[in-house]
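Below: the structure, in structure tokens.
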Amino acid sequence: MTTPIYIIEEAKLRQNLSLIRSVAERTGSEWILAFKAFALWKTFPIFREYIQSTTASSLSEARLALEEFGAKAHTYSPAYKDEEFDDIVRCSSHLTFNSLTQYERFHERAGECSLGLRINPEYSEVGTLLYNPCAPGTRFGITADKLPEVLPADVRGFHCHCHCESGSDVFERTLKHVEEKFSKWFPQLEWINFGGGHLVTRKDYDIERLVRLMQGFHQRYPNLKVIFEPGSAFAWQTGPLVASVVDVVEDKGIRTAILDVSFTCHMPDCLEMPYHPEVRGAETIEEISNTSPLPPHLYRLGGNSCLSGDFMGYWQFDHELRVGEEVVFEDMIHYTTVKTNTFNGITHPSIAMLHVDGTLEMLRKYTYEDYRDRMD
């Protein structure tokens, strides 16, 4: 197998999809795929066996929903552009506005779309500021004090997004804030979208708590259809990024294995969050003592770009790494595949699917022309 390569595993994807479909049925809610986390459109025929809709945040994503998934998107954007808006409407079933000024500017052109407003509950437990949509000064959503007592007649829903790979306990605490601030408008609505970040496919997620929360919510607000739009949950732990060791260098006693992938190009969330991805067959070492000898077979892993900070560490292996051997980064399908770039013209990872029958299908192999034509 030629590296680098992302490998999505069909069996694990179907397991997640089956679980999400079960959660949707048990909670009486609709669960839709957020393209911002997963947009491998050649897998959409599998998705269509389990879900009916997707969510988009741009014209390109909205077109992907209509043209490749085969259904109009639930679309939200921080700001719609005049020259794109009519095409977005054509590709959308639901359309959420980030501000009242955007609503005023565009709502009369929204056709048959079911219109919504994004709300800001001013509460989020997302610890990393970069990912917190409710941080002070946020550009996302409308606070309760800025909404009119009577909503515009064509507003049918609220959209609220303030989670990131969160559990149902976080959602329970968030829901209290949403209801306290916005429930007086609920009788005027038809739907509420609780956004993404609900990681129901994580092993420790308390699904029973979510079921109870939704049962109570439906009893209190029987007029509201509930929508969730996670991205990570669908592709959580569905496949790795496989790289190879190109060289091993050492400085001040620190050994770095340089790979044929890049953290900044191919795994940007690792640096942005930051977090240490799990490496198959290696132990993550969070801290290194400055006074004790380094343990054996300890490495930083470095990307093959010219960015000085394109590395992470440390991992301890059970052997000396050799040029040419594979290094497997686990759980690299959600978000990673959609956020890659071609900085330095480094070889972009191919994309493959490991089918249930064990066959490996190459979905896409990138070439020099892909890099060149981005600047055409």
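Based on the alpha-carbon gyration tensor of the stretch 284-371 and its eigenvalue square roots a ≥ b ≥ c, which shape applies: rounded if a/c is under 1.5, prolate if not and a/b is larger than b/c, or oblate? It is prolate, given that a/c is not under 1.5 and a/b is the larger ratio. Placing Val150, Val246 in order of accessible area, with the largest value first and a 1.4 Å probe, yields Val150, Val246. Farthest towards the positive end of the charge dipole of the chain, among the residues Tyr314, Ala235, Tyr103, is the Cα of Tyr103, using unit charges on the Cβ of Lys, Arg, Asp and Glu. Charges were assigned to the Cβ only: +1 to each Lys and Arg, -1 to each Asp and Glu. The resulting dipole of the stretch 39-157 about its Cα centre is roughly 200 debye.
Among Ser58, Ser92, the sequence by solvent-accessible area, most first, with a 1.4 Å probe is Ser58, Ser92.
Which entries of Lys146/Lys176; Lys181/Lys339; Lys42/Lys365; Lys176/Lys339; Lys36/Lys72 show an alpha-carbon separation above 24 angstrom in the structure shown? Over 24 Å apart, Cα to Cα: Lys181/Lys339; Lys176/Lys339.
3J(HN,Hα) along the stretch 313-329: x, 10, 10, 10, 9, 9, 7, 6, 6, 10, 4, x, 7, 7, 10, 10, 8 Hz, from the Karplus curve 6.51 cos²θ - 1.76 cosθ + 1.60 with θ = phi - 60°, whole Hz, x for Gly and Pro. A probe of 1.4 angstrom, applied to the heavy atoms of all protein chains, finds Phe140 with accessible area near 40 square angstrom.
Using Cα-Cα distances under 8 Å and only pairs 6 or more residues apart, what relative contact order does the stretch 56-198 have, in percent? Once divided by the residue count of the stretch 56-198, the mean separation gives 19 percent.
Checking the a/c ratio against 1.5 first, then a/b against b/c, what shape does the Cα gyration tensor give for the stretch 83-140? Prolate is the answer for the stretch 83-140, as a/c is 1.5 or above and a/b outweighs b/c. For the stretch 280-376, applying the loop criterion from DSSP together with a ceiling of 11 other beta carbons within 10 Å to the trypsin sites (Lys or Arg not before Pro) yields Arg280, Arg322, Arg374. Once the Cβ-Cβ distance between Glu250 and Glu68 is put in as r, and R0 is 45 Å, what FRET efficiency do you end up with, to the nearest 0.05? Result of the calculation: an efficiency of 0.45. Each Cα pair under 8 Å and six or more residues apart adds its separation to the average, and for the stretch 236-376 the resulting relative contact order is 30 percent. Close amide H partners of Thr55, meaning residues 5 or more places away or on another chain with modelled amide H under 5 Å apart, are Leu33, Ala34, Phe35, His74.
Only protein heavy atoms count here; on that basis, with a 1.4 Å probe, Met312 has an accessible area of about 20 Å². The order of Cys164, Cys306, Cys113 by accessible area, most exposed first and with a 1.4 Å probe, is Cys306, Cys164, Cys113.
Among the trypsin sites (Lys or Arg not before Pro) within the stretch 203-271, those in coil by DSSP and having at most 11 neighbouring Cβ atoms inside 10 Å are Lys203, Lys252.
Over the chain, what is the mean sequence separation of C-alpha contacts under 8 Å (at least six apart), divided by residue count, expressed as relative contact order in percent? Result for the chain is 20 percent.
Between the alpha-carbon centres of the stretch 332-353 and the stretch 212-274 there is a gap of 13 Å.
Would the stretch 243-341 count as rounded, prolate or oblate if I go by the C-alpha gyration tensor, calling it rounded below 1.5 in a/c and otherwise prolate when a/b exceeds b/c, oblate otherwise? Prolate shape, in that a/c is at least 1.5 and a/b is the bigger ratio.
Solvent-accessible surface (1.4 Å probe) assigned to Leu224 amounts to roughly 10 Å². The loop-placed GluC sites (Glu not before Pro) in the stretch 15-59, going by DSSP, that have at most 13 neighbouring Cβ atoms within 10 Å of their Cβ come out as Glu49.
The values are calculated or read from the model by the stated rules, or taken from the named source; none is laboratory data. From a predicted model like this one, the values you see are computed outputs, not experimental measurements. Cβ: placed from backbone, ideal geometry, glycine included. Neighbour counts: every protein chain shown. Ligands, DNA and RNA are excluded from the accessible area calculation, which covers all protein heavy atoms including side chains. Shrake-Rupley method; radii C 1.70, N 1.55, O 1.52, S 1.80 Å.
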